[in-house]
Amino acid sequence: MRKSFRLYSSMNSSYFDLISGNKETQQTKGLGLLLSKSQTALEAFLDINSIKSKIGEINLKSISRVIVNCELISNSHNKYRADIVLRFYKNGKPFKAILIEAKSINKGTSVYETNKQIENYIENEVFEELKVFGKESYGVTLTKLPSYTKHASLISITWEDIIGAFYRVIPNQNTLLDDYFNFLTNINGTMKFYEKEVFSIPTAKWSEQAINKLKVYECPNSGKYLIKHKPLYITFRKSGGGEMDKLFKVEDIIILNFHDDFETFLKDENYSENYRNRVNGYVDYLLEKKIWIELPKDEKQVFILSDNIIELKNKPKPKNGNNSFRAYYELADLLNKKLV
């Protein structure tokens, strides 16, 4: 017998549509529910490389109990609220705990304050429930773009990590996991592994030289520079009209505070040696050219670009003649048009 659940007149509904709140709170509460009800999903979550490399492997067969809290409220004077808390017990004794602070899948954000917030939770034992876990309490920031932190108990993952982890185990036909995956990847009907095809920005001569040589680009992680939609490609407009001559495939975007975390980043084997060497070369280049006098103290969005370059034979330009803006384009338009 085939069964289906429909909410109101919708053709496709799941349990996650019953969770109160907007899509942002639904996706976080839904994740907590999924991790508590689906061992397949929990195993996939714990198998995310950045989590496993920092907290070690957790064999769920040896775990006697798992408690999952959503929106856990502290008993402290300031009523802090944790998005998701996972507590693992082995042989009835506290084993490890993970506190997750999540930001929306559809929003770029500065993660500095999120990191500080979760550091406070972990270091000061804000939540009574975590005190018995001591140094085996870990914090996870779950954001749109990855951030770098040297804190021993803090881990950064992205919603793309979650999507990728769940995508790999979907063939196991776990109905609840399948429902959440479909819910997550269809937020606003537009969520994909990337949301916009090409990001286009004006660039200076020195920046163009660094990009072509090292395949690295950086900009502030704030204000007008904040990436609103993760692109598949990036293109840099030249001065004198905004001509675009090539597309660079975006391999990764890393949020990095060079002043605080650069030295630790260079030693972090979670990032490939190639990535670390290229970012190091980029920093050396900027210091040598006096673009930077010292390592900047603000967060930066660091784009790691692929050698996979597409030449734009039409050399398209902005049709309004303005070259000062940051814009998103469809790939087909840049490949086929001279004015976009």
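The values are calculated or read from the model by the stated rules, or taken from the named source; none is laboratory data. Because the structure is a prediction, the values reported are computed rather than measured. Positions of Cβ are generated from backbone atoms using ideal geometry, with glycine treated the same way; all protein chains shown enter the neighbour counts. Each accessible area value is taken on the protein alone, full model and side chains, heavy atoms only, with ligands, DNA and RNA left out. Shrake-Rupley method; radii C 1.70, N 1.55, O 1.52, S 1.80 Å.
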Review point. Given labels modelled 7 Å from the Cα in the Cβ direction, how far is it in nm from Asp307 to Asn320?
Key: 3.9
Study note, to complete from the structure: When the chain is treated as a Gaussian network with springs between alpha carbons less than 10 Å apart, the largest mean-square fluctuation among Leu154, Leu18, Leu72 is found at Leu18
Practice item. Using a 1.4 Å probe over the heavy atoms of the protein chains, calculate the carbon and sulfur portion of the accessible area of the chain as a whole percent. Key: 46
Study note, to complete from the structure: Filtering trypsin sites (Lys or Arg not before Pro) in the range 258-307 by DSSP loop and by at most 14 other Cβ atoms within 10 Å leaves Lys289, Lys290, Lys297
Revision key, fill the gap. At the level of C-alpha centres, the distance separating the range 251-270 and the range 22-56, in angstrom, is 24
Check your understanding: Which distance in nm do the two modelled labels at Glu113 and His229 give, with both placed 7 Å along the Cα-to-Cβ direction?
Key -> 2.6
Practice item. Starting from the Cα-Cα distance between Glu71 and Asn49, subtract it from 0.36 nm times their residue separation and give me the gain in nm to one decimal. Key: 5.4 nm
Practice item. Name the longest site-free stretch of the chain, where the excluded sites are chymotrypsin sites (Phe, Trp or Tyr not before Pro) in a DSSP loop with no more than 11 other beta-carbon atoms within 10 Å. Key: 9-192
**Study point:** Principal-axis tilt of helix 205-214 within the chain, Cα atoms, nearest 10 degrees
**Key:** 60
Revision key, fill the gap. Taking a label point 7 Å from the Cα of Gln209 along Cα-to-Cβ, the residues of the range 262-292 whose backbone nitrogen sits under 19 Å from it are 278-292
Practice item. Compare Cys219, Cys70 by solvent-accessible area with a 1.4 Å probe and give them largest first, with all protein chains kept in place. Key: Cys70, Cys219
Practice item. Using a 1.4 angstrom probe, figure out how much accessible area the range 260-340 has per residue, in square angstrom, rounded to the nearest whole. Key: 60
Review point. Which residue, Ser306, Ser62, Ser147, tops the fluctuation ranking in a GNM of the chain built on C-alpha contacts under 10 Å?
Key: Ser62
